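The values are calculated or read from the model by the stated rules, or taken from the named source; none is laboratory data. Note that the structure is predicted; figures quoted are calculated from it, not measured. Here the Cβ is made from the backbone with ideal geometry for all residues, glycine too, and neighbour counts use every protein chain on show. Keep in mind that these areas ignore ligands, DNA and RNA; they rest on the heavy atoms of the full protein, side chains included. Shrake-Rupley method; radii C 1.70, N 1.55, O 1.52, S 1.80 Å.
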Amino acid sequence: MADPLVIFTPSGKRGRFAVGTPVLTAAQQLGVDLDSVCGGRGICSKCQITPSYGEFSKHGVSVQENALSEWNSVEQRYDDKRGLQKGRRLGCQATIQDDVVIDVPESSQVHRQVVRKRAEARDITMAPAIKLFYVEVEQPDMHDPSGDLERLIKSLRADWQLPHLTADFSILRGLQPTLRKGGWKITCAVHLEENRIIHLWPGFYEGSIYGLAIDLGSTTIAAHLCDLQTGEITASAGIMNPQIRFGEDLMSRVSYSMMNPGGDLEMTKTVRDGINTLISDIAGEGQIDPAYIMDVVLVCNPVMHHLLLGIDPFELGQAPFALATSDALNLRATDLSLKLNPASRVYILPCIAGHVGADAAAVALSEAPDKSDDLVLVVDVGTNAEILLGNREKVLACSSPTGPAFEGAQISSGQRAAPGAIERVEIDPTTKEPRFKVIGSDLWSDQAGFDDVVETTGITGICGSGIIEMVAEMRLAGLLDGPGLIGSPEQTGTARCFQDGRTYSYLVWEDEARKITVTNRDIREIQMAKAALYSGARLLMDKFGVDKVDRVVLAGAFGAHISPKHAMVLGMIPDAPLDKVTSAGNAAGTGARIALLNTKARRDIEATVQSIHKIETAIEPRFQEHFVNASNIPNAVEPFPILNSIVTLPDVNFNTGGGETPNRRRRRRTS
């Protein structure tokens, strides 16, 4: 029988290992980023891992409870002394017994994921849902026997014209001591949309209150901590979505829920725990008590929306992809088990349709295609791409399942964005030699001092933006043909192209310990991802009745790091002038921040989503036609005239036994 299959997440790296192999050894042999400083002695605890159990249809494995060796005395000793988080094992102690899926938590990674979802500068009119009001309250009088709460509400009405106020039940318990401690002077946090008093301070409170704008993505969770009085961004932070171990793409998570009883609730707890970790991190960075976070705005795709709320996403896995609810939601933080002030509120933006969620609504709020005079295509690039096309006339929307390849997953030398990952690439079209930049260095690999800079991090792999530039540069240098085949050394004129099984691969870099290559399977993964993205955009253009757009906006943290030229060479986006292709950064996060700081924006987007027309790619016949054409690099039928005026794509075909296409060969002979 075959040795057990070991699959590591979030890297996606896999391999077969003999029964009894320590998890740490398997990770080291596969190049998985799993820390260890004690040499596997069970002392440092840096190699903590989390095994996952159940059915994983995407990976084709069923993981049993005995997939790893039993808990041993070394782990017990460490747990007794320092404590191990429930479900965690030590990678140096746990050995492989059967097929297993193993998650490497961020705390166990040497090169931590860089969640590049910074806050974009934006002018926002301040009108938050929660504001502070200071009042002086009349003292009780035996001749006017009204309650303290009633006299507080009377003062707020008189001084601030706040009518019809009520108070959270929790307010009553602390009201009387707070009033007396402050000498009948008090500061109230009032939720203006609910007309409710939600928190009290004795006297004049000179501090501030805060809100969180959270972008809950399939791969990452990013948040911005904002001062609700000034709008200032106090801190930003991000983490990997811990649900990745159940599947990198959304349908894998739906499948996990369907095939494992209670799997949906397991994923709900996991993502809520992840958000609580992020809350702790961002409060620490902002040097505030989480109790002062009073308001939260959340945006997410429909599957994450349901899993966050504790709703089984089963219906989203089959036509007609029905949502349990599409309207905006107003909740308490306690409803979602968030470790905030018990009075904190949570607002979740409305979803547009079954696979176009609150994150797409946030992008629409941020980029406002419905207010654009020219025709704008907005592409939120991620594991599941949301695409908007529109102007003042109308707005169309769809989602496209690009998968995790753009995140560096399922790529042989791929990895998430982290220090040491290749993020920029250039290949000399004459010598076919590459040069590159890695995250954490501004130097190119052929510049003096580069080796010294990367000595600490090393050169660890290729991240998403790097693989896009790599494939595009290979196409520009004549190493890769339109259908996606890498040429042989004879066809390309470089020994960097080498035989790799039945096809060829391209050697990017190597040292004594590691080799970074691009394989034909890697090319295929990128072709599938970019074809899905382009096909969604092209389908919206069909529905709009156009063959070109005026401008393209690349949104999402990943979109912010894509070179427009390379994206067009690859055929990810429609042909357009390069100066009309711009980045909006984390537009979903910006939309969440707008909704956090301005309640009118909440009403605006609730109205806007009603007029956005959703196109379901799964039932559109032309989507498959566009997908097949877009699998070519850049495209099998679309001419891309603007791109061709900027670059010259070598006319090569490596499936003919030579380096030239028959057409080019005929032209050369007749000349």
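Among rounded, prolate and oblate, which fits region 456-497 when a ≥ b ≥ c are the square roots of the eigenvalues of its C-alpha gyration tensor, a/c under 1.5 means rounded, and a/b larger than b/c means prolate?
oblate
Go through region 1-91 and name the chymotrypsin sites (Phe, Trp or Tyr not before Pro) that are in a DSSP coil and have 16 or fewer other Cβ atoms within 10 Å of their Cβ.
W71
How high is the relative contact order of region 381-492, given as a whole-number percent (alpha carbon pairs under 8 Å, six or more residues apart)?
It rounds to 23 percent for region 381-492.
For volume of the Cα convex hull per residue in Å³, pick the label among (1) 226; (2) 183; (3) 157 that corresponds to the value derived from the coordinates.
Correct label is (2).
Among T270, V471, N655, whose Cα sits farthest toward the positive end of the charge dipole of the chain (+1 at Cβ of Lys/Arg, -1 at Cβ of Asp/Glu, about the Cα centre)?
The Cα lying farthest towards the positive end belongs to N655.
List, largest first, the extents of the alpha carbons of region 166-251 along their principal axes, each in whole Å.
That works out to 56, 28, 22 Å along the principal axes.
Per Stokes-Einstein, at 37 °C and 0.692 mPa s, what whole-number D in µm² s⁻¹ belongs to region 244-327, with the Kirkwood radius over Cα pairs as the hydrodynamic radius?
233 µm²/s
Pick out, in residue order, every one of the GluC sites (Glu not before Pro) in region 369-448 that is DSSP loop and has at most 11 other C-beta atoms within 10 Å; say none if there are none.
Answer in residue order: E393.
Taking every eigenvalue of the Cα gyration tensor of region 126-214, multiplying by 5 and rooting it, what semi-axes result, largest first, whole Å?
Computed over region 126-214, the values are 23, 14, 12 Å.
Treating only the Cβ of Lys, Arg, Asp and Glu as charged (+1, +1, -1, -1), what charge dipole size does region 75-220 show about its Cα centre? Round to the nearest 20 debye.
Roughly 480 debye, rounded to the nearest 20.
Ignoring ligands, DNA and RNA, please state the percent of accessible area on the chain from carbon and sulfur, probe 1.4 Å.
Reported share for carbon and sulfur atoms: 48 percent.
Quick one: dipole size for the chain, taken about the Cα centre, charges +1 on Lys/Arg Cβ and -1 on Asp/Glu Cβ, in debye to the nearest 20.
Here the chain has a charge dipole of around 680 debye.
Can you tell me which aspartates and glutamates have their Cα less than 12 Å from the Cα of K154? Leave out same-chain residues fewer than eight positions away.
Here the aspartates and glutamates satisfying the reach criterion relative to K154 are E136, E138.
Once phi is turned into ³J(HN,Hα) by the Karplus curve 6.51 cos²θ - 1.76 cosθ + 1.60 with θ = phi - 60°, what whole-Hz value does each residue of region 337-349 show in order, with x for glycine and proline?
Those phi angles translate into 6, 7, 8, 10, 3, x, 8, 4, 9, 10, 10, 10, 4 Hz.
Just tell me which lysines come within less than 17 Å, Cα to Cα, of K46; anything on the same chain fewer than 8 places away is out.
Qualifying lysines at Cα under 17 Å: K81, K86.
Applying 1/(1 + (r/R0)^6) with R0 = 45 Å to the Cβ-Cβ distance of E150 and K600, what FRET efficiency is obtained, to the nearest 0.05?
For E150 and K600, the calculated efficiency is 0.90.
For region 356-509, what percent of Cα pairs sit more than 19 Å apart?
64 percent
Any of K394/K614; K580/K600; K185/K339; K371/K543 with alpha carbons more than 21 Å apart? Name them for me.
Table pairs above 21 Å Cα-Cα are K580/K600; K185/K339.
Return the loop-located GluC sites (Glu not before Pro) in region 1-76 (DSSP other than H, G, I, E, B) with at most 12 other Cβ atoms within 10 Å of their own Cβ; answer none if there are none.
Those satisfying the criteria are E65, E70.
Taking a cut-off of 16 Å between Cα atoms, list the aspartates and glutamates near K437, but don't count ones fewer than 8 places away on the same chain.
In chain and number order, the partners are E423, E426, D428, D446, D451, D452, E455, E469, E473, E510.
What number, in nm² with one decimal, is the all-direction average of the projected area of the convex hull of the alpha-carbon atoms of region 219-259?
Result: 3.7 nm².
Roughly what % of DSSP beta bridges within the chain run antiparallel, to the nearest 5?
About 70 percent, rounded to the nearest 5.
Among all stretches of the chain without exposed trypsin sites (Lys or Arg not before Pro) (DSSP loop, at most 10 other Cβ atoms within 10 Å), which one is longest?
87-501
Using alpha-carbon pairs under 8 Å, 6+ residues apart, how would you state the relative contact order of the chain in percent?
Computed value for the chain: 12 percent relative contact order.
Could you compute how fast region 158-203 diffuses translationally, taking Rh as the Kirkwood radius over C-alpha pairs and applying Stokes-Einstein at 25 °C with viscosity 0.890 mPa s? Give it in µm² per second.
224 µm²/s
Could you work out [θ]222 nm for the chain from helices alone, using -39500 (n - 2.57) per DSSP H run of at least four and dividing by all its residues? Round to the nearest 500 deg cm²/dmol.
The per-residue figure over the chain is -9000 deg cm²/dmol.
Multiply the residue separation of R332 and D550 by 0.36 nm, subtract the distance between their alpha-carbon atoms, and state the gained length in nm to one decimal.
74.2 nm
What ratio of Cα Rg to 2.2 N^0.38 Å holds for region 253-379?
Here the Cα radius of gyration is 1.18 times the empirical estimate.
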